[in-house]
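Report on the structure given below.
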Amino acid sequence: MKYHHIFNAVSDKISEVLHIQDEETKEVYINIIKQLSPGNDYTFVEIMKEYIAEYQQKSFQFYQHKANNGFVVNRSQYGLEVVEVNKDTRFVVGDMITHLSNDAVDVLSERYRKLLFHDAIERQEWSNLILKQVDATVERSSESYEFELKRFEIADPIVHKTESYQHVLIYAPEQLHEIKSEISTELPIILDVRYTEGTASVLDIKPEVILMSRHTKGSIEQYIVKADALKVGEASFGALSEYESIQLGQYTFEYGVTGERTAYPDVDIINDASEDQILEFAKRHVTNHL
């Protein structure tokens, strides 16, 4: 499919879902895309992301291949603090990223306000923006490091069992189907979806506690709301919806069809890098209720 045919299909679907006609915005972007030569897939995807962001719908996702930074960050007044490392082990929890591609985080935050959905600092989700960057300047204690950024496949799920509970950590909803045989029906389940995103269906494993954060987004948000479990952590990303998708050659457009909401925890705890208070609370809760 040609780039402008893909764009028109996405634009038509957006008009259908949002019940709008926005010919002015459509014309601006179609003119840009028609000037794009074949073989510029990366540039095309980035233009499509900019176009979709015009509508400020957190449930809209356009991609060619899903990718993972290898780590997760929280935005703070000092930069981007690493709170989770799953693939790129050059980073450690607590690292502070001050610059990306030689630009200060504050500068990028202003430049990409639209792609950050104009969220407050403590709600910003940077994973897609980091994928656009080349390198990162990292402050660790009194040292400074420069890392060339890489792309990884989605991290593997983890099932950690103890005598009193099992901690199930997933990064995509479909991973619960992949590991269901590893999950015991005899032990209470702490389901950790703090870094889970995607729109696949979710297998109900009957968790006792669900751990959530600002990075929790997609169909897992709907699952959280419906689950009969104690929810601990932060409010979710805010893309709670029922999802549909269209496949356009090698590209995918996913979109929510029932509006957008946020899933909220029963117990509010900040997802801090210094110590994992969310998981520690869940462990105490499960142990005390045996």
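Cβ-Cβ distances below 8 Å connect no pair with a first residue in the range 274-290 that is over 16 Å from residue 189 (Cβ atoms), a second residue that is of a type in the set (S, T, N, Q) and exposed (fewer than 10 other Cβ atoms within 10 Å of the Cβ), and a separation of six or more residues or different chains.
Residues checked against (1) over 17 Å from residue 247 (Cα atoms); (2) more than 19 Å from the chain's Cα centre (by Cα):
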| position | (1), (2) |
| --- | --- |
| 8 | no, yes |
| 12 | no, yes |
| 17 | no, yes |
| 20 | yes, yes |
| 23 | yes, yes |
| 29 | yes, yes |
| 33 | yes, yes |
| 44 | no, yes |
| 50 | yes, no |
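Hey, any hits in the range 26-35 for a residue that's out of contact with any strand residue (DSSP E or B) (no Cβ under 9 Å at 6 or more places or on another chain), under 26 Å from residue 195 (Cβ atoms) and at pLDDT 95 or above? No, every residue in the range 26-35 fails to be out of contact with any strand residue (DSSP E or B) (no Cβ under 9 Å at 6 or more places or on another chain), under 26 Å from residue 195 (Cβ atoms) and at pLDDT 95 or above. Among the residues making up the range 180-223, those that are among the hydrophobic types (A, V, I, L, M, F, W, C), under 21 Å from the mean Cα position of the chain (by Cα) and surrounded by fewer than 23 Cβ atoms within 10 Å (Cβ to Cβ) are 200, 203. Residues that are without any contact (Cβ under 8 Å) to a residue 24 or more places away in the chain, over 26 Å from residue 52 (Cα atoms) and either basic (Lys, Arg) or in contact with a Phe, Trp or Tyr (Cβ under 7 Å, 6 or more places away or on another chain) (or both) within the range 207-255 comprise just one, 226. Scan the range 62-93 for residues that are over 16 Å from residue 128 (Cα atoms) and exposed (fewer than 14 other Cβ atoms within 10 Å of the Cβ) and the total you get is 4.
Residues in the range 130-144 that are within 13 Å of residue 67 (Cβ to Cβ) and touching a helix residue (DSSP H, G or I) at 6+ places or on another chain (Cβ under 9 Å) were compared, and the one that is modelled with the highest pLDDT is 133.
Cβ separations smaller than 7 Å between residues 6+ apart or across chains give the following pairs from the range 165-179 residues that are within 21 Å of residue 127 (Cβ to Cβ) and of a type outside the set (Ser, Thr, Tyr) to residues that are assigned to a helix (DSSP H, G or I) and at pLDDT 95 or above: 170/176; 173/219; 173/220. The single condition from (1) loosely packed, with under 14 Cβ neighbours inside 10 Å; (2) modelled with pLDDT of 95 or more that residue 259 fails is (2).
In the range 182-193, the count of residues that are within 30 Å of residue 78 (Cβ to Cβ) and in a loop (DSSP other than H, G, I, E, B) is one or more.
The values are calculated or read from the model by the stated rules, or taken from the named source; none is laboratory data. In this text, all values refer to a predicted model and were calculated from it rather than measured experimentally. Backbone-built Cβ (ideal geometry, glycine too); neighbour counts: all protein chains shown.
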